[in-house]
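The values are calculated or read from the model by the stated rules, or taken from the named source; none is laboratory data. Fair warning: this is a prediction, and the values are worked out from it, not measured in the lab. Counting neighbours? That spans all protein chains shown, and the Cβs are built from the backbone with ideal geometry, glycine included.
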Amino acid sequence: MALFGFIGVGNMGSALLKASYKVFGKEDLIYYDASKDNCASIMKQLGISAEGSNIAVICNCKYLVLAIKPQQFLDVLEEIKRYITPEHIIISIAAGVTIKSIKSALGARTRVVRAMPNTPALIFKGSTGISFSSDTFHEMEKSHLDSFFSSFGQYDVFNENLMDAVTCASGSSPAYVYTFIEALADSVVSLGISRDKAYSLVAQTVMGAASMVLETGEHPGLLKDKVCSPAGTTIAAVKALEENGFRNAIMKATDACYRRAKELAED
């Protein structure tokens, strides 16, 4: 009997599986994916062969990680519901899928952890929000879950009513950051900096600026002010950002992300 079983080892599922491998080792991990290519990739990288079906995973693990898309979720829950026991703990990483909906499909006694990781989990630097169902989780189970979620970055616990906001804050937002990096790199390429150096300069700057927020604990606005000398180049650039609706664009993106998460919950 393995500790963790994965249904789905696409981009995010494979990232979590690889991170778990560092902590729990080969013997405590099993998985299945409908894609033979995904299974072959895990076999090649970790030496763990796939189980024969979703049901085989469920019957041989305690913590079941559902790393599948929201659109596939109900079909998979319908397939597995007969095999879920009170000993199982379900870990869902699907955007917009509520604990209530999972319990409705699998039974009121099903214990659920709803999670929203992000793609930096691929390099073990993820930021994950999690929410527990109101059931009892034993100390050893909490320890296993702590080790699991810590294996691919940092995590914070939230009330479930905030999980769609967590999707906006960390789940989807790496795409905004990548877009910013690409746009800034493009702009300095137009000024003569080579493409490779542009990406390196900008990405390192984003990483350094984020580390300043985390490590100093200072308000981002204060850190911004420290870069903006009077009548200097930076305040001129910040002024241009404001004139072109930079902050408003980010807030509108968050609104759109949040609405879509709610729509997925209703589908």
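Of all residues in region 34-48, those that are on the phi < 0 side of the Ramachandran plot have Cβ atoms under 6 Å from Cβ atoms of residues that are charged (D, E, K, R) and surrounded by 12 or more Cβ atoms within 10 Å (Cβ to Cβ), 6 or more apart or on another chain, in 39/33.
Inspection of region 24-44 finds no residue satisfying the criterion of being among the basic types (Lys, Arg), buried (at least 19 other Cβ atoms within 10 Å of the Cβ) and in the same structural domain as residue 81 (by TED's automatic domain parsing). Can you find a residue in region 129-144 that is in contact with a helix residue (DSSP H, G or I) (Cβ under 7 Å, 6 or more places away or on another chain), assigned to a loop (DSSP other than H, G, I, E, B) and not small (Gly, Ala, Ser)? No - not one qualifying residue is present in region 129-144. For the structure I just gave you, tell me whether residue 177 is at pLDDT 95 or above and under 19 Å from the mean Cα position of the chain (by Cα). Taking the combined requirement at face value, the residue satisfies it. Among the residues of region 228-238, is any assigned by TED's automatic domain parsing to the domain that holds residue 178 and within 28 Å of residue 163 (Cβ to Cβ)? Looking through region 228-238, none of the residues is assigned by TED's automatic domain parsing to the domain that holds residue 178 and within 28 Å of residue 163 (Cβ to Cβ).
Among the residues of region 52-76, the ones that are over 21 Å from residue 148 (Cα atoms) and either touching a helix residue (DSSP H, G or I) at 6+ places or on another chain (Cβ under 8 Å) or at pLDDT below 95 (or both) come to 8 in all.
Annotation: of all residues in region 81-118 being among the hydroxyl-bearing types (Ser, Thr, Tyr) and crowded, with 17+ Cβ neighbours inside 10 Å, the one that is nearest to residue 164 (Cα to Cα) is 98. If you go through region 109-155 and keep only what is under 21 Å from residue 25 (Cα atoms) and of a type in the set (A, V, I, L, M), you end up with 121, 122, 123, 140, 145.
Among the residues examined, residue 209 does not qualify as of a type in the set (Gly, Ala, Ser), surrounded by 12 or more Cβ atoms within 10 Å (Cβ to Cβ) and touching a Cys at 6+ places or on another chain (Cβ under 9 Å). Counting only residues that are crowded, with 17+ Cβ neighbours inside 10 Å and either over 24 Å from residue 21 (Cβ atoms) or touching a Gly at 6+ places or on another chain (Cβ under 9 Å) (or both), region 133-148 holds 1 of them. Checking each residue in region 21-42 for being out of contact with any helix residue (DSSP H, G or I) (no Cβ under 6 Å at 6 or more places or on another chain) and closer than 18 Å to residue 153 by Cα picks out 22, 24, 25.
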